[in-house]
């Protein structure tokens with residue numbers, strides 16, 4: 001994840017945009033129970049949105065994954081709730 005974050009925040013503009021669009025399209029395709037083609041198109045077509053969205057999401061996940069106590073809370077309490085949400 002940290003390598004991907006470095007790509008999103010690096011100097012190579014083409015690589016940043018490529019990574020940001022890939023992240024944003026994936027996120028828009030998987031974040032809802034029913035896929036909304038307009039969300040996916042927005043992520044693929046709007047460069048500024050894709051870059052901002054991907055950088056925020058990736059930074060949050062990088063910070064979230066580094067904190068051991070947060071990992072334990074997630075594994076113990078939140079993960080079962082998330083799994084139940086998708087099963088119900």
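Quick notes on this structure:
- Count of residues meeting criterion [outside any helix (DSSP H, G or I) and loosely packed, with under 13 Cβ neighbours inside 10 Å] in the stretch 31-62: 6
- Some residue of the stretch 2-23 being at pLDDT below 75 and part of a helix (DSSP H, G or I): yes
The values are calculated or read from the model by the stated rules, or taken from the named source; none is laboratory data. The structure presented is a predicted model; accordingly, all values stated were derived computationally and were not measured. Please note: Cβ atoms are built from the backbone with ideal geometry, for glycine as well, and neighbour counts cover all protein chains shown.
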